[in-house]
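The values are calculated or read from the model by the stated rules, or taken from the named source; none is laboratory data. The model shown is predicted, which means the values in this text are computed figures rather than measured ones. Using ideal geometry, Cβ is built from the backbone for each residue, glycine included, and neighbour counts are taken over all protein chains shown.
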Amino acid sequence: WFRQVFLNLLLHSCDAFAAQSKHRGREIRLQVRSQAGRQPRIAMRYSDNAGGISPATLHFPAEYDEERSPEYAIFQPDVTSKKDGSGWGMYLVRKILEDHSGSVDLTSRRGGVVFDIEMPITQEPTAN
């Protein structure tokens, strides 16, 4: 499931890059660090410089309350910024992470995106 999260993020970045006319200086970064504590966690920051998410390009289903922030909206089902998008990619990212006690937040959208992701660190059972 974790692979699916990053596959969706990468595909969204690649689609955004493909829509740009500039081809130099494209960048996708993933920073990873662990956080100690009672519940050890791993914190990741995924970012790209593919132009960001413009609220003006978001397409909402008819029954959706458009007053919510774009940072919230992109994680809802059927909300997309692509002409032919399904609106399920970012929803699945958040759903998968939440189902595994993690979280994702869009923290920036000017010139690119920054997603902050947190997941608990779990111990794999040892074989006997």
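Quick one: count up the residues across the range 107-121 that are part of a loop (DSSP other than H, G, I, E, B) and within 12 Å of the chain's Cα centre (by Cα).
Of the residues in that region, 1 qualify.
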I want to confirm something. Restricting to the range 73-106 and keeping residues that are surrounded by 12 or more Cβ atoms within 10 Å (Cβ to Cβ) and among the hydroxyl-bearing types (S, T, Y), which single residue is modelled with the lowest pLDDT? S81
So, in the range 70-106, exactly how many residues are assigned to a loop (DSSP other than H, G, I, E, B) and not aromatic (F, W, Y)? 15
Hey, could you check the range 109-128 for residues that are within 30 Å of A19 (Cβ to Cβ) and surrounded by fewer than 15 Cβ atoms within 10 Å (Cβ to Cβ) and say which is modelled with the lowest pLDDT? R110
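Residues are listed down the side, and each one gets a yes or a no for (1) surrounded by 14 or more Cβ atoms within 10 Å (Cβ to Cβ); (2) at pLDDT 95 or above:
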site	(1), (2)
F2	no, no
H12	yes, no
D15	yes, no
A18	no, no
H23	no, no
Q35	no, no
R41	yes, no
R45	yes, yes
G52	yes, no
